[in-house]
There are 2 protein chains.
Amino acid sequence: MSNLEKRSSLPHVVIVGGGFAGLYAAKELGNAPVKVTLIDKRNFHLFQPLLYQVATGSLSPAEICSPLRLIVGRNKNTHVVLDEVVDINPEQKQVIMREGVVNYDYLVIGTGVSHHYFGNDHWEQDAPGLKSIENALDIRRRIFLAFEEAEKLSSPQEKQEWLTFAIVGGGPTGVELAGAIAEIAHKSIKKDFKEIDTTKARIVLIEGMNRVLPPYPEDLSAKAQASLEELGVEVLTNRMVTNIDKNTLNIRHGEQEETIKARTILWAAGVKASGLSEIIADRTSAETDRAGRIMVEPDLSIKNHPNIFVVGDLAHFAHQDNKPLPGIAPVAMEEGRYVAGLIVAKEKGRQIESFSYVDKGSLAVIGNNHAVANLGFVKLSGISAWLVWVFAHIYYLIEFDNKLLVMLQWGWNYFTRGRGARLITGEISEKNLVSQSFNHGNSVSNSEKELIKS
Amino acid sequence: MSNLEKRSSLPHVVIVGGGFAGLYAAKELGNAPVKVTLIDKRNFHLFQPLLYQVATGSLSPAEICSPLRLIVGRNKNTHVVLDEVVDINPEQKQVIMREGVVNYDYLVIGTGVSHHYFGNDHWEQDAPGLKSIENALDIRRRIFLAFEEAEKLSSPQEKQEWLTFAIVGGGPTGVELAGAIAEIAHKSIKKDFKEIDTTKARIVLIEGMNRVLPPYPEDLSAKAQASLEELGVEVLTNRMVTNIDKNTLNIRHGEQEETIKARTILWAAGVKASGLSEIIADRTSAETDRAGRIMVEPDLSIKNHPNIFVVGDLAHFAHQDNKPLPGIAPVAMEEGRYVAGLIVAKEKGRQIESFSYVDKGSLAVIGNNHAVANLGFVKLSGISAWLVWVFAHIYYLIEFDNKLLVMLQWGWNYFTRGRGARLITGEISEKNLVSQSFNHGNSVSNSEKELIKS
């Protein structure tokens, strides 16, 4: 009798996506009288709040990724499957993967969000976003190659283009990227080059609203902007991006058109639901919001589908304060835990209350020792907020296996200003370095692009 | 006056390649009255002796790579240039790069070696070798995806194919890879899967000679084989590979033909000179050996070109014991240092003795706490050899910036059996996971392959 058959008399919970929401649901169900199958197309959980540190060369991928088999795969009732879900069939209670089909009693979907270019998907090749480890390594390559190119070129104008970094979007990710790049250019590597002065690098943060970190209280936004400017970041608010190409960013400021020449453009301006969202909406008649997120019931289920739950960034939960919950890790964790508890209660024939999120606050980090924190009862900025940020992240990393090393790496980086992970990886082949590294997406078809990504 | 002009009255040493040979030449010249330009197509030095630990998920790339700018780029007389050398012109004393030309007074070339498939280059896609960080990440992906595939498939025969790992070549790299994969399958991950028993994985090491580690004394070869077998590696000697495809390895054993069904085949059987070798030979009329390495004079220069030196694995130095020096890091370091000293002496009008290598011994590691060491005056095996190996590597890493973290990572891995870096990276896209990960090279043209590698 195989393990699968042994488990077969128990209700089967299928969880799609090993992000914070799915993973916390799986962890919570690890000892429950159910069988659990966790499906993800990657073999690891990504600690996304620290992804910008990989993109800026402070941490290595392995320091913020933990294999799913290590976190939940050793639970006796849990199967981890490396595959991609392509469809669901609520009538048959089936999940269809590329390489198989699985039946469920309860389905929990947490496949998250990806970048949103608001109808300009072709901007992605010149202005990548930061969602995956591969995105982070690509951005790291772009940032550090830019200094190398500036060092080699003789035209002052070209040098300056390579030394200009534009970040679109003044939310936490944009603020964190801009702060980290400014630290690198203006401090960490200022002694490493002979033909350029990296302290003259221009780092521009562009935000459409009238202040950075728009969801934060106004005084924290102002403090964040002041900290960014102290690090040498130009903060441009009330700006809309109208076009992006390889080295040019067109922006509109009221009636004015502005142009920024920058060879490194990063996108942190919007998110949209993952590809599975449309299929879910079609198969369940669920409503979606403008970003494609699934509107969920007060118990996080899909309307008329009480056994299908949507959790994490993919869920639009509008039953609290009349606005959707933010797409942040603490919300996802809470939602994952709630659904796990609800499933166990249902199996026991019990009812539990609707989901409600207890706001633990928001944090955004700016450079090596500044942050802003809105903890509800108190607002912090500067080094005190940074310490809260450090300990909050270590606390959550405790639940995985990497905390000790990340803490050491942080300490190490703090004193050495991040010497470690500044690697430009990805083969450098026969072609021109610059065009090969930055333009390879221009002239290839979509099917070839898929190959490139592999 | 730019930095370049300030340096211009001094003799110019151009070093091509930032491996052990080139890097040690550059380090040695850091305070000498010369100007130095170090050209590499990567921005980091790779500590190659530990590369197999990245391929087997124990270390992260950043732990064995150090940015060249950090090691030598801060020396006042040293320029680091990220570019690829495509030609040399000894008459004009010029080095031609993709993006520029540089004049030299002394030229030091250490561009190393790559894999040698003995006329069967098409085997590479199914049996990759281990030379670059990208190779290591590719191999890591293959190894860990193989277990995932075996877990998913239902046919016992297919499961067994995915659970069979064949390593071609019984030199140090092959021995190290086989030992590490056996540790992973038979120990580290044995609790992680539900549908397969990873302790039944078959790890086969194939060697053409009559024993593993052929250059070592016979009794050490025997001890290495015994240690490998204890870890569960099948050691097949006197075997010649006759064909390789996706899941089949054909080998000849005397008159017998044998077939091994394996989905993961790794190549550690031979090396050939880097692509620059042919150009050097053509431009300088240098002789080369069968592997394309440049025959050098007793002072490591090229015959009739007293100002051009070849160092490291690319050099064939046959003036000691009538056999070429082995392609190992200690030889490369010594050669780099020697040439640096020779250049300084020449500038002072002095002569120095011919190069001679003082053999410090050879080491090969087998699994988590075994090794064999031939230190000349003493032969070691088992844990004592492993300790020598650990301290020798830490000693050499001391010269860069990573030693502390690598030591901590090793300690960590030793007690946790390497939980950290077992990540399958590289985007998993729309296509079938298996074919996408393993076969994408089959149906694409060469120009597309270049794109894939980027």
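Tabulated values for the structure
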quantity: Those residues of region B:39-64 which are more than 10 Å from chain A (Cβ to nearest Cβ), within 11 Å of B:Gly17 (Cα to Cα) and in a loop (DSSP other than H, G, I, E, B), in sequence order; calculated: none
quantity: B:Thr198 vs. criteria among the polar types (S, T, N, Q) and over 24 Å from the mean Cα position of the chain (by Cα); calculated: yes
quantity: Residue list for region A:40-75, restricted to those being crowded, with 24+ Cβ neighbours inside 10 Å, within 24 Å of A:Ala25 (Cβ to Cβ) and touching an Asp or Glu at 6+ places or on another chain (Cβ under 7 Å); calculated: A:Asn43, A:Ser66, A:Leu68, A:Arg69
quantity: Scope region B:157-185; condition under 23 Å from A:Lys76 (Cβ atoms) and either surrounded by fewer than 19 Cβ atoms within 10 Å (Cβ to Cβ) or among the aliphatic types (A, V, I, L, M) (or both); matching residues; calculated: B:Leu163, B:Ile184, B:Ala185
quantity: Filter result for the condition that a residue is touching a strand residue (DSSP E or B) at 6+ places or on another chain (Cβ under 7 Å), buried (at least 24 other Cβ atoms within 10 Å of the Cβ) and either without any contact (Cβ under 8 Å) to a residue 12 or more places away in the chain or more than 14 Å from chain A (Cβ to nearest Cβ) (or both), over B:Val101, B:Val36, B:Val13, B:Val80; calculated: B:Val13
quantity: Residue count, region B:261-301 (criterion: assigned to a strand (DSSP E or B) and on the phi > 0 side of the Ramachandran plot); calculated: 0
quantity: The one condition in (1) open to solvent by 40 Å² or more (accessible area, probe 1.4 Å); (2) farther than 25 Å from A:Lys27 by Cβ that A:Ile366 fails to fulfil; calculated: (1)
quantity: In region A:334-379, the residues that are within 24 Å of the chain's Cα centre (by Cα) and of a type in the set (A, V, I, L, M); calculated: A:Val339, A:Ala340, A:Val358, A:Leu363, A:Ala364, A:Val365, A:Ile366, A:Ala371, A:Val372, A:Ala373, A:Leu375
quantity: Scope region A:135-191; condition within 11 Å of another protein chain (Cβ to nearest Cβ), part of a helix (DSSP H, G or I) and farther than 19 Å from B:Phe44 by Cβ; matching residues; calculated: A:Asn135
quantity: Evaluation of B:Gly312 against (1) at pLDDT 95 or above; (2) out of contact with any Gly (no Cβ under 8 Å at 6 or more places or on another chain) (one fails), failing number; calculated: (2)
quantity: Residue count for region A:340-363, restricted to those that are free of Cβ contacts under 8 Å to residues at least 24 places away in the same chain and buried (at least 18 other Cβ atoms within 10 Å of the Cβ); calculated: 0
quantity: Some residue of region B:21-33 being part of a strand (DSSP E or B), among the aliphatic types (A, V, I, L, M) and closer than 22 Å to B:Ile394 by Cβ; calculated: no
quantity: Residue list for region A:227-247, filter: part of a strand (DSSP E or B) and either open to solvent by less than 20 Å² (accessible area, probe 1.4 Å) or touching a helix residue (DSSP H, G or I) at 6+ places or on another chain (Cβ under 7 Å) (or both); calculated: A:Val233, A:Val235, A:Ile244
quantity: Some residue of region A:113-124 being under 25 Å from A:Ser66 (Cβ atoms) and either over 22 Å from the mean Cα position of the chain (by Cα) or small (Gly, Ala, Ser) (or both); calculated: yes
quantity: Residue match in region A:192-201 (condition: modelled with pLDDT of 95 or more, in a helix (DSSP H, G or I), open to solvent by 40 Å² or more (accessible area, probe 1.4 Å) and within 26 Å of B:Val36 (Cα to Cα)); calculated: yes
quantity: In region B:246-283, the residues that are touching a Phe, Trp or Tyr at 6+ places or on another chain (Cβ under 7 Å) and without any contact (Cβ under 8 Å) to a residue 40 or more places away in the chain; calculated: none
quantity: Cβ pairs under 8 Å, 6+ apart, first in region A:210-222 and more than 22 Å from A:Lys360 (Cβ to Cβ), second surrounded by fewer than 17 Cβ atoms within 10 Å (Cβ to Cβ) and of a type in the set (A, V, I, L, M); calculated: A:Arg211/A:Ala222
quantity: Unmet requirement for A:Glu161, which otherwise passes all of (1) among the charged types (D, E, K, R); (2) closer than 18 Å to A:Val54 by Cβ; (3) modelled with pLDDT of 95 or more; calculated: (2)
quantity: Qualifying residue in region B:52-65 (condition: in contact with a strand residue (DSSP E or B) (Cβ under 7 Å, 6 or more places away or on another chain) and modelled with pLDDT under 95); calculated: yes
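The values are calculated or read from the model by the stated rules, or taken from the named source; none is laboratory data. None of the values given here were measured: they were computed from a predicted structure. Heads up, the Cβs are rebuilt from the backbone with ideal geometry, glycines too, and the neighbour counts pull from every protein chain shown. For accessibility, only protein heavy atoms count, side chains too; no ligands or nucleic acids. Shrake-Rupley method; radii C 1.70, N 1.55, O 1.52, S 1.80 Å.
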